[in-house]
Amino acid sequence: MLLTQEQRGKYLVIAANGRLDATWADYFADTCLDHIRNGHHNLILDAQELSFLSSAGIRSLLRINKEILSVKGSFLIVNSAPFVAKTIEMTGFKQWLSEQLPEEISTQKTNQLHSEVEKTETYVLNPSAMLTLSVVANWQPWQSLTPDKTYKLSFPNSVFALGIGSASDNFDEAKLSFGEFIAVGSHVIFQPPEVKSRPDYLIAEMDYIPEMIVIQALCCQGEMSHLFRFSPEERILSFTISEIIDLVFSTTKSNSVAFVILAEVDGLVGATLIQSPGQKSEKDIMPFPEIREWLSFCGDRLFAGHQALVFGIATRKESDVKHSLLRPLPANPEISGHIHAAVFPFQPLQNGKIDLIKNVQKFLNGPPPEALLHLIDDDRPIVGLGQSSFIRGACWCAPLQNKEGLV
Amino acid sequence: MLKIYAISKTFFPNTVNEVRALQKVSLTIEEGSFTAIIGTNGSGKSTLLNAIAGTFFPDEGKITLDGTEIINWPEYKRASLVGRVFQNPFAGSAAEMTIAENIVMAMRRGQSRPLRQAVTLSVKEVIAERVRLLKMGLEDRLDNPIGTLSGGQRQALTLLMATWLKPKLLLLDEHTAALDPKSAAKVSELTKNIIQQEKLTALMVTHSMQQAVDLSDRIVMMHRGQIVEDYRDEMKKRVRVIDLMETFDRVQKRELFDESVAALLEKQYV
Amino acid sequence: MNLIIGAFTIGLILSLLSLGMLISFRMIKFTDITVDGSITLGASLSAVLIMAGWSPWLATLLAFLAGSLAGMITGILHTRFKIQEILAGILMMTALYSINLRIMGRSNIPLLDTATVSSGFEKLLIELTGGEAKLLVFGWPVSLADLAVFGSSLILCTLIGILLTRFLRTHFGTVLRATGNNPQMVRAQGVNNNTMVIFSLALSNGLVALSGALLAQYQGFADVQMGIGMMVWGLASIIIGEALIGKTGLGVTITGAILGTILFRLLIAIALRWGLNPNDLKLVTALFVFLALVTPGMFKSMSNKFFGGSRHA
Ligand SMILES: Nc1ncnc2c1ncn2[C@@H]1O[C@H](COP(=O)(O)OP(=O)(O)O)[C@@H](O)[C@H]1O
Ligand SMILES: [Mg+2]
């Protein structure tokens, strides 16, 4: 089977030459799913040279259609020979068939594929929206823990937070299970501090509002003011986290911001607790190699091709928001920040202006998260892994207003 | 059954090439269990098996097998208790000698070698009967030199030889690694059947995590001369190849976590 | 005819040397140079004992045992003290040179008019033929004494050949053969391969010394120099045997070694007859073995040509 692609305006026309049967179905579906991943959400299959279509072929078309529906794109089959058309009709997918190309299709053809999102697109959600930052618990490595340093935090819709906490509801149990968490509007993802365990999550349902005992939490209340989409261009193949933060600063025109990113990962660099700090005895410093029993470092740029849900807080030097939980980024020491990322298997995002909470929900309804990291900028000479970076995605953001005058 | 207490082995000690192949490894194997050993290349898996088989003596530690302290036993003496299959399909049999002659030697593993004719007609019948069960058509070729067979056939025969007299312990060192995929699958299957039927206690080094998951009832992971993970009982039943890969990852990550990372995290991890 | 019978007799006697070397060089794959010393040891010890009035049979048996002891020591030097094979053999051979001189007290001992292992057979022949000194063989007169040596060598050699074959087919013998093939496998079968090496070298050098004892009795003297080059001769004989009838089975290999030795002797006798300078004999033999070693395919294809190429190793 030979596949040739042609970009026509927002549509990608794929001409298939050969038999779409069990032998070629997976190749065909994978090629098309790749296009969808790369942002082509309106596919047209030119079936003129398609000589055969089996049930395996139909199944691959279904896979593609399902993916396209999930991003609200469109899928059409044109020029199909009578046999192919009949097969599609009889299996009940007549809606895919079209006599001719859509009217609005561009007559301009290019063989060079480019996604519909060419550069960053910005959407203003609510120009006056702000987030109120509060530090509700302030544990710092590796202080010893007492119940009075903990705080019971609940996560209603309007809260975005990150930090270290436990889903247990009393201190004695919780102290064994403090680990990193990230919360985006009553969706909490947390990493039990054990080498073998996967991240877990809590979601608001009916009357239930997620709650955690936290020992460290940067908590933002309010709503997002802007959304921008980013996607690779000719020269830019990926966006580092500090580049995205710069975009956030310029979008919000503020020196202190909070942001949520949902994006395809190019590589993540970070660390995770593997033992609960609650088990620690009186010692404020953690020497090497003992620290290896407490923290796991990624060791490599991980999770390429996965999708990450990131929540972070960043401030510029000029900002009056200062806190020891916000640490300078080596890539740009003018900026201080604290960023956590949860990693999910890949699911495509719809193009354009999309809703944050709905998309977070979509991810949590899909396959479970695989990891949760505190992002680190590894600037060690030669062996350094660099910053985390992303390929394409969406970033919601808002300026911060300082509730307690953090200094 | 097999108890290993804190054995260590260092090759080329006190030189630049020093390799600490085993570092105080302890392991207890229960009777009738089938344990797989996995680990990166050079992690000391073969060295552990060699220490049990007596190919060399460890620098320190103790090994008891079936209640007997065997640490001072030479390799050939341990063979009365231990059956072995090597990674190299040619290592387990004498190439220039016939299939029957090779097997007849295994029929008296660890026993006296009397001055009686070894390959008699009746012995050959017994051999043919068991070789037939391999379904390789080798029963008609008992008088051919074993060197004329393929690696897979030789490995199947070596397995048969190692288990002809029920060993207290069967040691398999990546015994399917050097075979083509089809032969490997066949020998793998054969291994499973023999171990189940004879209720053998076995220790198998394997590079294939799938094989470890499929065949064994316990998985031990080694790294840098140490046991870093031990999946057994309920844990083993749950474990999948992907979990083993993750464990490998974790072990390697830990390795990459050096002092420079510690300094990095001290600045940035809050 | 005398020449031919002589060559045959020496061939038969030396085939014991070849059989001994078959065990060390071919079965356990041990390049054993002790041979040059142990053949002289057999000759000198039996000569001294026979001269001292011992029964030739007992003397020959003791020669066998002495050779075994020498082989055993080489084996121990190699396995116990981790000395390389060749060096262990050279050490033993060098030591044996002095030992042989000590045994004989001088560099050679003539054995004149003494009883030998073939004496009994000779008496029997004389009785059977009614006192004739010569017998016609294919029309040629041959002395009864020569015939007796030939006959007894033939019987002895056949007997040892059969015994050796049967021994190597026992459980013990099977393991012995495997030792040279794959010592690791032998250990894995619960056998101490070092013990097997020591035993094999003892047996091998015992046979070599036996051959030496018989040679001394046939030639009528023992000489401290007689062992020089014997190892290469034995090797040449084994190679010829393998080329002649191959090595497809144990019986075949052993018969091959015996026939090879005889053929080699005949070739030498003919060459000498045609005027080859006896001093060049060792050079020619060494060249022959050299060729055989560097062109392994040559002799194999030769045997294939002779026997239709149907055999496979
Ligand atoms: N006989 C030996 N001499 C020297 N070094 C050895 C020997 N056997 C193993 N080693 C070294 O010991 C380490 C462990 O080897 P091994 O046990 O074979 O690893 P594996 O887990 O791959 O089987 C390796 O670094 C290897 O080079
Ligand atoms: Mg190995």
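Taken together, the values in this text are just the output of simple stated rules run on the coordinates, not laboratory data. Remember, predicted model here, so these are calculated numbers, not experimental data. No Cβ is skipped: glycine too gets one built from the backbone with ideal geometry, and neighbour counts run over all protein chains shown.
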Practice problem: Measure off 7 Å from each Cα along the Cα-to-Cβ vector at B:I242 and C:L287, then give the distance between these two points in nanometres to one decimal. | Solution: 7.6
Exercise. Can you spot the aspartates and glutamates whose alpha carbon is less than 14 Å from B:K9's alpha carbon? Ignore those fewer than 8 places along the same chain.
Key: B:E18, B:D59, B:E60
Quiz item: Rounded if a/c is under 1.5, else prolate if a/b beats b/c, else oblate: with a ≥ b ≥ c from the C-alpha gyration tensor eigenvalues square-rooted, which is region A:122-402?
Solution: rounded
Quiz item: Of the residues C:F199, C:F264, C:F81, which exhibits the maximal mean-square fluctuation in a Gaussian network model of chain C defined by a 10 Å Cα contact cut-off?
Solution: C:F81
Exercise. Would you grab the residues whose amide H sits under 5 Å from the one on A:H306? Only those 5+ places off in sequence or on another chain, please, with H modelled 1.01 Å from N.
Key: A:V265
Quiz item: If the cut-off is 16 Å between C-alpha atoms, which aspartates and glutamates fall inside it for C:K123, apart from same-chain ones fewer than 8 positions away?
Solution: C:D113, C:E132, C:D146
Quiz item: When chain C is modelled as a GNM with alpha-carbon springs shorter than 10 Å, which of C:E85, C:E127, C:E242 fluctuates the most?
Solution: C:E127
Quiz item: Is region C:2-276 rounded, prolate or oblate when judged by the Cα gyration tensor, a ≥ b ≥ c being the square roots of its eigenvalues, rounded requiring a/c under 1.5 and prolate requiring a/b larger than b/c?
Solution: prolate
Self-check item: 28 Å Cα-Cα threshold exceeded, pairs from B:K77/C:K29; A:K175/B:K253; B:K24/B:K77; B:K192/B:K236; A:K317/A:K358
Solution: A:K317/A:K358
Exercise. Decide, for region A:279-359, between rounded, prolate and oblate: order the square roots of the alpha carbon gyration tensor eigenvalues as a ≥ b ≥ c, take rounded if a/c falls under 1.5, and otherwise choose prolate if a/b is larger than b/c, else oblate.
Key: oblate
Quiz item: What does the average come to when, for each residue of peptide C:162-171, you count the partner chain Cβ atoms lying within 10 Å of its Cβ?
Solution: 3
Self-check item: Interchain or long-range residues, amide H under 5 Å from A:S80's placed H
Solution: A:A47
Practice problem: For region C:24-40, just list the computed ³J(HN,Hα) in residue order, Karplus coefficients 6.51, -1.76 and 1.60, θ = phi - 60°, integers in Hz, with x standing in for Gly and Pro. | Solution: 6, 6, 9, 7, 9, 6, 10, 7, 9, 8, 3, 2, 4, x, 6, 5, 5
Quiz item: Given the C-alpha centroids of region A:27-58 and region A:333-372, what is the distance between them in whole angstrom?
Solution: 27
Quiz item: How far is the Cα center of region C:1-52 from the Cα center of region B:147-177, in Å?
Solution: 41
Self-check item: Highest-MSF residue in chain B out of B:K45, B:K237, B:K168 [GNM, Cα springs under 10 Å]
Solution: B:K237
Self-check item: Under 13 Å from A:K152, Cα to Cα: aspartates and glutamates that are on another chain or at least 8 residues apart
Solution: A:D169, A:E211
Practice problem: Post the alpha-carbon centroid distance, region A:202-274 to region A:124-155, in whole angstrom. | Solution: 16
Practice problem: With an 8 Å cut-off on Cα pairs and a minimum separation of 6 or more residues, tell me the relative contact order of region B:2-239 in percent. | Solution: 28
Quiz item: What list of ³J(HN,Hα) values in whole Hz, one per residue of region A:88-96 in order, does the Karplus curve 6.51 cos²θ - 1.76 cosθ + 1.60 (θ = phi - 60°) give from phi, with Gly and Pro shown as x?
Solution: 5, 4, 5, 8, x, 10, 4, 4, 6
Self-check item: Average partner coverage of B:115-125, which counts Cβ from other chains inside 10 Å
Solution: 3
Practice problem: Mind giving me the FRET efficiency for C:L267 and C:T158? R0 is 25 Å, r the Cβ-Cβ distance, nearest 0.05 is fine. | Solution: 0.70
Quiz item: Per residue, how much space in cubic angstrom lies within the convex hull of the C-alpha atoms of chain B?
Solution: 161
Practice problem: Quote the relative contact order of chain A in percent (integer), defining contacts as alpha-carbon pairs under 8 Å separated by 6+ residues. | Solution: 18
Quiz item: What list of ³J(HN,Hα) values in whole Hz, one per residue of region A:173-187 in order, does the Karplus curve 6.51 cos²θ - 1.76 cosθ + 1.60 (θ = phi - 60°) give from phi, with Gly and Pro shown as x?
Solution: 7, 4, 5, 8, 9, 6, x, 5, 9, 9, 10, 10, x, 6, 10
